[in-house]
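Worksheet for the structure shown next.
The values are calculated or read from the model by the stated rules, or taken from the named source; none is laboratory data. Here the structure is a predicted model, which means the values were calculated and not measured. Please note: Cβ atoms are built from the backbone with ideal geometry, for glycine as well, and neighbour counts cover all protein chains shown.
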Amino acid sequence: MTPIVKAFFDPQTFTVSYVVQEPEGLACAIIDSVLDFDHASGRTDTSSADQIVEYVEAQGLRVEWILESHVHADHLSAAPYLQEKLGGKIGIGENIVVVQDTFGKVFNEGTEFQRDGSQFDALFAEGSSFHIGQMRGDVLHTPGHTPACMTYVIGDAAFVGDTLFMPDFGTARCDFPGGSSEDLFASIQKILSLPDETRIFVGHDYKAPGRDEFAWETTVGEQKALNVHIGQGRSIEEFVEMRDARDATLAMPRLILPSLQVNMRAGQMPPADEQGDVFMKIPVNKL
């Protein structure tokens, strides 16, 4: 099947969210949604998510899944808000438990923070499948950027999260806790083993130098031939040396601290205090 794909680009975080619809029906899934967050004021806003709500309602779609490709470090997920507005089950890779254990310790969350993935409605393993109406989706475990990264292959389309970017921008960083450039190389080979005509939809675009417009759709064939980090048969040794050296120069994402605390909870805020106020933690010298 060839799903209908509607993209929503958030210029503040360079994130692309997707509504993926079965071609001859009204069932759909939402992938990698964004809850707007102003770091200076600590205020949230639903403007980006509301664009998705308006589109889904205008098209008369039925949301069956709200999917996360991984625990994002650069934006907060709007999954609970979308679920409240539109329904659907929230899904992520089963290795979320590894991420929860790692960052539960970083943020000193204590025993009340469940590290079993129970905040999500579904945990996917390698080879899992799901349905969007009559359309089947298959799940590939593609770690490297994080241990829980998943690629969702839905019909002729693959939603790769942060594993691959547009060919002129390359591949994801691997220097977060639990990341691995060796794992990322193997994950990319798994994606590139799909048919060359498979459409690839990336989770971000940062508009590589020399390109005038943002873009988020490419193909397996184009990635094989043109990806500046992995294309034309680059060896694992070459890739790991390049990726590790590049990662050593990168700053932490601006929203990594609030994003991780929220996203490891399936988009829920940390528990409120007795007055009903919510606070984020800032660990010092931990990342």
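Here are the numbers for the structure shown:
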| read-out | value |
| --- | --- |
| Qualifying position, being buried (at least 18 other Cβ atoms within 10 Å of the Cβ), at pLDDT below 95, within 18 Å of Phe124 (Cβ to Cβ) and not aliphatic (A, V, I, L, M), among Gly178, Gly144, Gly155 | Gly178 |
| Breaking point among (1) touching a strand residue (DSSP E or B) at 6+ places or on another chain (Cβ under 7 Å); (2) surrounded by fewer than 19 Cβ atoms within 10 Å (Cβ to Cβ); (3) more than 23 Å from Val5 (Cα to Cα), for Asp138 | (3) |
| Unmet requirement for Tyr206, which otherwise passes all of (1) surrounded by fewer than 16 Cβ atoms within 10 Å (Cβ to Cβ); (2) in a helix (DSSP H, G or I); (3) of a type in the set (Ser, Thr, Tyr) | (2) |
| Condition check for Ala215: within 15 Å of Asp10 (Cα to Cα), among the aliphatic types (A, V, I, L, M) and either buried (at least 19 other Cβ atoms within 10 Å of the Cβ) or more than 18 Å from the chain's Cα centre (by Cα) (or both) | yes |
| Every pair of residues 6+ apart whose Cβ atoms lie under 8 Å, when the first sits in region 238-266 and is within 17 Å of Pro177 (Cβ to Cβ) while the second is among the basic types (Lys, Arg) | Arg243/Arg173; Asp247/Arg173; Leu250/Arg173; Leu257/Lys281; Gln261/Lys281 |
| Contacts under 6 angstrom Cβ, first residue in region 152-175 being within 23 Å of Glu94 (Cβ to Cβ), partner among the charged types (D, E, K, R) and surrounded by 24 or more Cβ atoms within 10 Å (Cβ to Cβ), 6 or more apart | Ala172/Asp162; Cys174/Arg243 |
| Residue among Asp10, Asp32, Asp38 that alone is closer than 21 Å to Phe120 by Cα and of a type in the set (Asp, Glu) | Asp32 |
| Matching option when the condition is surrounded by fewer than 21 Cβ atoms within 10 Å (Cβ to Cβ) and under 27 Å from Gln189 (Cβ atoms), among Ser118, Ser129, Ser41 | Ser129 |
| Residue match in region 132-142 (condition: touching a Phe, Trp or Tyr at 6+ places or on another chain (Cβ under 6 Å) and of a type in the set (Gly, Ala, Ser)) | yes |
| The lone exception for Gln100 - which of (1) touching a strand residue (DSSP E or B) at 6+ places or on another chain (Cβ under 9 Å); (2) surrounded by 19 or more Cβ atoms within 10 Å (Cβ to Cβ) it fails | (1) |
| Tabulated pairs, region 70-94, first over 15 Å from Tyr152 (Cβ atoms), second among the aromatic types (Phe, Trp, Tyr), C-beta under 7 angstrom, 6+ apart or interchain | Ala73/Phe176; Leu76/Phe37 |
| Residue within region 45-62 that is modelled with pLDDT under 95 and either more than 19 Å from Ile92 (Cβ to Cβ) or in a loop (DSSP other than H, G, I, E, B) (or both) present | no |
| Trp65, sole failed condition from (1) crowded, with 22+ Cβ neighbours inside 10 Å; (2) of a type in the set (Phe, Trp, Tyr); (3) under 20 Å from Glu217 (Cα atoms) | (3) |
| Filtered residues of region 135-179 (kept if small (Gly, Ala, Ser), closer than 27 Å to Asp101 by Cα and in contact with a helix residue (DSSP H, G or I) (Cβ under 9 Å, 6 or more places away or on another chain)) | Gly144, Ala148, Ala172, Gly178, Gly179 |
| Residue match in region 82-94 (condition: assigned to a loop (DSSP other than H, G, I, E, B), crowded, with 18+ Cβ neighbours inside 10 Å, modelled with pLDDT of 95 or more and more than 15 Å from the chain's Cα centre (by Cα)) | yes |
| Candidates Val71, Val19, filtered to the one that is in contact with a Cys (Cβ under 6 Å, 6 or more places away or on another chain), not hydroxyl-bearing (Ser, Thr, Tyr) and not in a helix (DSSP H, G or I) | Val19 |
